[in-house]
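Heads up, the thing below is written out as structure tokens.
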Amino acid sequence: MNAPRIGDLAEARVARYLRERGYTFEVEPEFGTGRHPDYLISAGEHTLVAEVKAFETYGMFEGAIPGQVMTRSLDDALVPIRKKIKEAAGQLKGLQGRGWPLVIVLDNPGGRPIPFDSPYMILSAMYGDLTLNAPLGPGGVLGEFRAVAGRNGKLRNDHAYISAVAVVRREDHAALWAAQWFDEHREDFGPGDADDDGQGTRAMVAAFAEASKDAPEGDDIFLEVFETLSDSAVPLPREVFNGPRDRRWVPNADRTAIVPLAAEATD
């Protein structure tokens, strides 16, 4: 039996998320544009369209030669993410003007080596490589450094019809449980160094193995949503993709930056 395509795995995870949120959806409906974005979603009284993209690249390891030091610029590292944003935007382009929020959903079910876990890398892919700027004051004194968007952002000047980019996040229940167990019990077994001849470490491993029989199973799928800075895209309603684990980044008051939703009120 052939293994599932990475793209199929990503679409299945997004479909699972939609079902768990109680949304209904059509898969690759006919829009009359010659293209078939993945999902037409009904979320309560709201309708939106989403295009899902997954990563098959080896990203940071692409072209690496064994035995040689590998270096990658931020621009190089973000190429796979920017490429998928561009491809997804192309799928959604024909739907601008329909009155629906248009959302790009990115997933990395294969765990490919790209800078996907940091929200700041997603923001860099969207609006430009993060750059540190500081004002130069009298006498050559540098002011406070601030991170600003530099060049190469895929949504900086293009695809103004895109409402948001959403990233699929997954958390394994057993992995989270294990991390919490070690945090709570590490000090119960001594230093775990040469002073105890490894006895503390062996005792901890044995205790963990016994305790792990009761470790929880399953995982959570949730989204990290980045609203775009576009003032012409149909806004993605805040009550959509707002599950208990979901995270959201939104434009600040003067639309010069994207900040965590909780920080919006104090920005």
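The values are calculated or read from the model by the stated rules, or taken from the named source; none is laboratory data. All of these numbers come straight from a predicted model, not from anything done at the bench. Backbone-built Cβ (ideal geometry, glycine too); neighbour counts: all protein chains shown.
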(message) Take the residues in the range 58-97 that are closer than 30 Å to His36 by Cβ and acidic (Asp, Glu); name whichever of them is modelled with the lowest pLDDT.
(response) Glu62
(message) For a quick check of your reading of the model, give me the residue pairs whose first member lies in the range 16-29 and is within 15 Å of Leu92 (Cβ to Cβ), whose second is charged (D, E, K, R), with beta-carbon atoms closer than 9 Å and at least 6 apart or on different chains.
(response) Glu28/Asp38
(request) Filter the range 97-127 down to residues that are polar (S, T, N, Q) and buried (at least 18 other Cβ atoms within 10 Å of the Cβ), then give me how many there are. (result) 2
(message) I'm checking my understanding of the structure. Among residues of the range 230-253 that are hydrophobic (A, V, I, L, M, F, W, C) and at pLDDT 90 or above, which one is surrounded by the most Cβ atoms within 10 Å (Cβ to Cβ)?
(response) Phe241
(message) Here is a check on your reading of the model: is Ile114 modelled with pLDDT of 90 or more and either among the polar types (S, T, N, Q) or under 16 Å from the mean Cα position of the chain (by Cα) (or both)?
(response) no
